[in-house]
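The values are calculated or read from the model by the stated rules, or taken from the named source; none is laboratory data. Treat the numbers as computed from the prediction; the structure is a model and nothing was measured. Here the Cβ positions follow ideal geometry from the backbone for every residue, glycine too, while neighbour counts run over all protein chains shown. Each accessible area value is taken on the protein alone, full model and side chains, heavy atoms only, with ligands, DNA and RNA left out. Shrake-Rupley method; radii C 1.70, N 1.55, O 1.52, S 1.80 Å.
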Amino acid sequence: MDYRGIFEDAVDALRQEKRYRVFADLERIAGRFPRAVYRDTSDNAREITIWCSNDYLGMGQHPVTIAAMQETAGKLGVGAGGTRNISGTNRPLVELERSLADLHRKEAALVFTSGFVSNEAAISTIARLLPDCIILSDQLNHASMIQGVRQSGMEKKIFRHNDVAHLRELLAGIDRKRPKLICFESVYSMDGDVAPIAEICDLAAEFGALTYIDEVHAVGMYGPRGGGIAERDGLMDRIDIIEGTLAKGFGVMGGYIAANRAIIDAVRSYAPEFIFTTALPPALCAAARASIEHLKTSSEERRLHKRQAQLTKDILGDAGLPVMPTSTHIVPLIVGDARLCKAASDMLLEKHNIYIQPINYPTVPKGTERLRITPTPMHSDEMIIELRHALVSVWASLELPRERPETKITSDKLVSGDLLLPTMGG
């Protein structure tokens, strides 16, 4: 048996489909974000500008975050030393969970090693604990949510993306006494659109369902204290389980859920992804808590971020580039072809020292390949102008289409009673 050949053939198939992923070797420069040092395959180094980071507010290099991590590492060391049950529950982690519960006005919170793990563990565990539960999941939910749904082993129904009428139709066909869990996101990271949260909560109340919202691309970013879209819209109290990340708006690492004590204690007690995983190190927990507490009181980062995101959309749109209209900080630039999307990304890096990772299938449907741009408060007006000139040059060189999509891009082919597209946008 040629085991090696099997794996090589599998990777070659991805290359032929233009889906092979290439990682950029980057050294972010603290204090100068979004500048970074890029090293090519020959180990040649040069300075570039990152335009696709999920460190949306630059909190990964904020002085308060760095100071908290350095001070805690000096006092408590760099490792947690075990699982939460076996010596790994450190004081900064306890304080972090209290801070998160306060952020979302919930009774308790539970921290995981990543946002992927928190979704996978929470959704699967909650659904399994509900007798004969049925899960209703948005068509474009993230891969981690899809994995949680699958791992639960429970029956599932997929509603068309942000389609409240379709969700109502599905709910109406389910026994009202049967436990139901509605899973959706607040900000969808590839199209940059926002869920109709209030309408979904209305349906949940009408049909007796629990609500589970993924706010990973919104926490820190929206709301007067950075609690996300649900806080911004005054809806946090209507959501049963709020899931978020510490790795995007808060700039550190980890994932979490916030809910009532009964739900949190049940997930803590039953989820193997939580029970058998080493806890987050105290220094990371301290840094995350410092970031959260800072953003609870400081709105300046959110104000500047909103300005730079809108300015980027305006300048790129005025240049005739195919910017997908969004109401959030995500700025998708549609290419529509996997090969050309990769070529555009390569040209930006090689000729203009600008790094934007190409987004291809299965992260987005085929034919909607794109460059996903994420402005931050640290991207200056001058950087935005530089980005405009570089993109115009690349679009002309590759003869890329300039038609602007008028609505969000989805595909009816993705809904067939099952989860077909494992979105991987974060």
Residue list for the stretch 34-60, restricted to those being surrounded by 16 or more Cβ atoms within 10 Å (Cβ to Cβ) and either at pLDDT below 95 or β-branched (Val, Ile, Thr) (or both)
48, 49, 50
Tally, over the stretch 302-339, of residues that are surrounded by fewer than 18 Cβ atoms within 10 Å (Cβ to Cβ), among the hydrophobic types (A, V, I, L, M, F, W, C) and under 25 Å from residue 361 (Cβ atoms):
0
Just name the residue that is farthest from the chain's Cα centre (by Cα) out of those in the stretch 359-394 that are acidic (Asp, Glu) and within 17 Å of residue 323 (Cα to Cα).
386
Elements of type strands (runs of 3 or more DSSP E) contained in the stretch 209-269, each with 3 or more residues being touching a residue at least 40 places away in the same chain (Cβ under 8 Å) and among the β-branched types (Val, Ile, Thr)
241-245
The condition of being over 30 Å from residue 301 (Cα atoms) and out of contact with any Leu (no Cβ under 6 Å at 6 or more places or on another chain) holds, among 195, 230, 247, 172, only for 172
When you look at residue 97, is it over 21 Å from residue 199 (Cα atoms), in contact with a Lys or Arg (Cβ under 6 Å, 6 or more places away or on another chain), of a type in the set (Asp, Glu) and open to solvent by 10 Å² or more (accessible area, probe 1.4 Å), yes or no?
no
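Which of the residues that make up the stretch 350-363 are crowded, with 19+ Cβ neighbours inside 10 Å and touching a residue at least 40 places away in the same chain (Cβ under 8 Å)? Step through it out loud before you land on a result.
Of the stretch 350-363, the ones crowded, with 19+ Cβ neighbours inside 10 Å are 354-360, 363.
Scanning the stretch 350-363 gives 354, 355, 356, 357, 359, 360, 363.
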Among the residues of the stretch 190-207, write down those that are out of contact with any Ser or Thr (no Cβ under 8 Å at 6 or more places or on another chain) and open to solvent by less than 20 Å² (accessible area, probe 1.4 Å).
203, 207
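Residues checked against (1) under 30 Å from residue 126 (Cα atoms); (2) in a helix (DSSP H, G or I); (3) touching a helix residue (DSSP H, G or I) at 6+ places or on another chain (Cβ under 7 Å); (4) among the charged types (D, E, K, R):
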residue	(1), (2), (3), (4)
273	yes, yes, yes, yes
280	yes, no, yes, no
304	no, yes, no, no
316	no, yes, yes, no
325	no, no, no, no
332	no, no, no, no
344	no, yes, yes, no
349	no, yes, no, no
Taking the stated definitions as given, is residue 257 touching a helix residue (DSSP H, G or I) at 6+ places or on another chain (Cβ under 9 Å) and open to solvent by less than 20 Å² (accessible area, probe 1.4 Å)?
yes
Would you please name the residue that is surrounded by the most Cβ atoms within 10 Å (Cβ to Cβ), looking only at residues in the stretch 153-189 that are assigned to a helix (DSSP H, G or I) and of a type in the set (D, E, K, R)?
168
Candidate set: the stretch 61-93, residues that are of a type in the set (A, V, I, L, M, F, W, C) and under 20 Å from residue 272 (Cα atoms); chosen: the one most open to solvent (accessible area, probe 1.4 Å)
86
Taking the stretch 126-162, which residues are under 24 Å from residue 362 (Cα atoms) and β-branched (Val, Ile, Thr)?
135, 146, 149, 158
